[in-house]
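First, the structure itself, so that you have it in front of you.
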Amino acid sequence: MQISSESRKVSELFPILGNVHYHVPSYQRGYSWRDEQIGQLFEDITKEGEGYYAGNILLTGDEDSFSVIDGQQRLTTISLFLLAIGEKLAEFSVLEAAIGLKLDIRRQLFDQTGEPRIVLLDQDQAIYLDLLGALHGKHLKKWGNRSFFRRYRFIKELLEESCDSFEKINEFYQKLMQVDLLRITVPNLGDAFTVFSSLNSKGLPLTLIDLLKGEFLSAAQKIGELPSQTLAQWDALAQMLSADGEDINTSIVTQFLLNNWDAFESTSSSSTTKTKALSQYQRLLPKRYGSGENYLQVLIGRAEVFSRISQLNGTVGKPSHLDEKLASLKRLESTQALPLLMYLFSEREALLLDEPDLIEIADALVTFYVRRNVALTPKASNIRARLIGIVRYIQKGGTFGSDIVETVKDALFDMSVSDDQLRVALNQPLYDKSKATARYILIDLERRVGDSPTFDKGHPDSLDQYLVSSNGKVTPIWTIEHILPEGDLPEWWVDELADGDREKAASLQAEYVHLLGNLTLTPYNSELGQKPFYSEENPYEGSKRDYQDKKNGNFVGLRSGLFLNESIADEVRGERLETKQSWTVEDIIRRNNILSDLVVMLYRHG
């Protein structure tokens, strides 16, 4: 293998003269650097001395036209730095030096025929060309929440914050031109794949899906398919596994490919890995396409099932009972069950499984995962191996319908902890083990045991609903509230717990604060914070018990009407919540026992 490697400055990689081009091959992923990586490169260039080494780029091709095997992220980011500098120079258009520098940048980003030096993948190139138009005075289109556009906007913000004069913008440009990259050129793609994995000092390596895209392109030729057709199918697969309107989620696509192998292609109960999966699919694809099968179409069908099981896009209208169970499994972080569910849902007709059968299986999985997440037994790897083993057993034939349901339920019962073990685990800090499971249990108790008295037709159940902020951050409306608060305890709580002994209070807090008995739900978490349980001086604004919504005067603290909060008062001793004035360790233990009994009752294997 002949490999050429030489240090090149950015000024040489983006020359003012000549027709050097960089093409991103179709099997690559799109531009995927995040703000953190862009910000780190910007900071390194700014703070390091001239000639800063920024990593490697791996290419195939000749001096005029290269395919970028590795280093797309760096090259694209550097070109976006150049573009942002060019736009920033418009603020200094009265300076002759600024006009000349902007002309140089234009010639660095476009060749002598006016074509851009970098050709990205289609979804990125459309935005990139539009952004480049700013150097020619063209108006920018609206690209909304597309990640490529957001990344460029972040780069412009970096320049705005640090370069408020022509001297500073020129200084950054000059340092950028002196940045060194090791350019490694190999004769062909096969040689490139041999060496690429060691060439990622600061960038992101090619992912499993990048490499498999190339394998599909090669294998699909055996059935006479054009590369454009294969890429269209690949994009359809990737979009099916991404949230509506979002960029392709490479992590979820990778998860699908690994679970697809475990569910349908493997003969073992062991899970594949990203490292193994590439060679496994490399052996599989020529066989499938060689027999005339369009394997991508097969995967698209399975991806539709995976999307539903994983609840990637939710459901339109009121979800079915089965989809509600699948949503519960997602909240319980039950990824080990994906191969089993993928197989059963995809083959449901052949296996004679109807909707009630699948609901019964999903319900058994919910029960199992609640118990498992509370007790942290068995290990996740053991769960996955056992459930994949069920798939292998069914694939041998002879097991259908209700027999499959019983096989799954029996396996889950065998793996599950006993009721006594569950009770022991419930006397340990649940919130510390799994916040998601703690929240799931609280919501489920409120709905199924208490029948959610807080909600009615005029005030629909919003326990699982989320709010989306202006910057796209998604947060649940209802969150977990610690009655005895976390963090440094105010004096009221120190007195309540330990008669003013701060050290003792901190010790008791550490032991009891995360128990189920100290947890409830509220949409007013930030308002309640570390307020005292009860305040005689300022009850409606200064206490957790009596906190009121200022707009309507409704109780929204611990007296909000939730079933969960009924057990805060010791009704056996005649206490009532509206008159209870303290919250002690004894209260936490008492309520923990009450809620633990309900959990054991609610999640008993049927």
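As a footprinting exposure proxy, order Met240, Met342, Met415 by other Cβ within 10 Å, with the fewest listed first.
Met415, Met240, Met342
Peptides 87-93, 34-40: what's the order by average Cβ count within 10 Å, highest mean first?
In decreasing order of mean packing, 87-93, 34-40 become 87-93, 34-40.
Determine which lysines satisfy two conditions relative to Lys287: a Cα distance under 19 Å, and not lying fewer than 8 residues away in the same chain.
Cα-Cα hits under 19 Å: Lys213, Lys222, Lys276.
For each of Tyr369, Tyr52, count neighbouring Cβ atoms within 10 Å of the residue's Cβ, then give the residues from fewest to most.
So the residues, fewest neighbours to most, are Tyr52, Tyr369.
Using Cα positions and a limit of under 15 Å, work out the aspartates and glutamates in reach of Lys544, with same-chain residues fewer than 8 apart set aside.
Candidates past the 8-residue exclusion: Glu481, Glu486, Glu496, Glu527, Glu536, Glu566, Glu578.
List, in the order given, every pair from Lys325/Lys551; Lys102/Lys156; Lys88/Lys142 whose Cα-Cα distance in the structure shown is over 27 Å.
In this structure, Lys325/Lys551 exceed 27 Å between Cα atoms.
Taking the DSSP beta bridges in the chain as the whole, what percent of them are antiparallel, to the nearest 5?
That works out to approximately 65 percent antiparallel.
Right, another one. For segment 208-417, what value does the Rg/Rh ratio take when both radii are computed over Cα atoms and Rh is the Kirkwood radius, given to two decimals?
0.97
Okay, moving on. Along its three principal axes, how long is the chain when you only count alpha carbons? Whole Å, largest extent first please.
Result, largest extent first: 89, 69, 45 Å.
Kirkwood-based Rg over Rh for segment 501-541 (C-alpha set), two decimals?
With Rh from the inverse mean 1/r over Cα pairs, Rg/Rh is 1.02.
Find how many whole Å separate the alpha carbon centroid of segment 524-591 from the alpha carbon centroid of segment 283-313.
53
Using a Cα-Cα cut-off of under 14 Å, which aspartates and glutamates could be cross-linked to Lys47, ignoring same-chain neighbours fewer than 8 residues away?
Within the straight-line limit of under 14 Å, Lys47 reaches these aspartates and glutamates: Glu171.
Which value results for Rg/Rh of segment 4-198 when Rg is the Cα radius of gyration and Rh the Kirkwood radius based on the inverse mean 1/r?
Answer for segment 4-198: 0.94.
Here is a further query. Using the per-residue mean of other Cβ atoms lying within 10 Å as a proxy for protection, in what order, highest first, do the peptides 173-180, 494-501 fall?
Going by the mean number of other Cβ atoms within 10 Å, highest first, we get 173-180, 494-501.
Here is a further query. Determine the percent antiparallel among the DSSP beta bridges restricted to segment 4-198, to the nearest 5.
Around 50 percent of the beta bridges assigned by DSSP in segment 4-198 are antiparallel ones.
Now, a different point. What whole-number distance in Å separates the alpha-carbon centres of segment 357-421 and segment 1-64?
Taking the Cα centre of segment 1-64 as reference, the centre of segment 357-421 is 50 Å away.
Further, regarding this structure: On full extension of the chain, what length is gained from Glu304 through Val572, given 0.36 nm per residue of separation minus the C-alpha to C-alpha distance?
Between Glu304 and Val572, full extension yields 91.2 nm more.
No value in this document is a laboratory result; all are computed from the given coordinates. Bear in mind that the values here come from a model prediction, so they are computed numbers and not experimental data. As a convention, Cβ positions derive from the backbone with ideal geometry for all residues, glycine included, and neighbour counts pool all protein chains shown.
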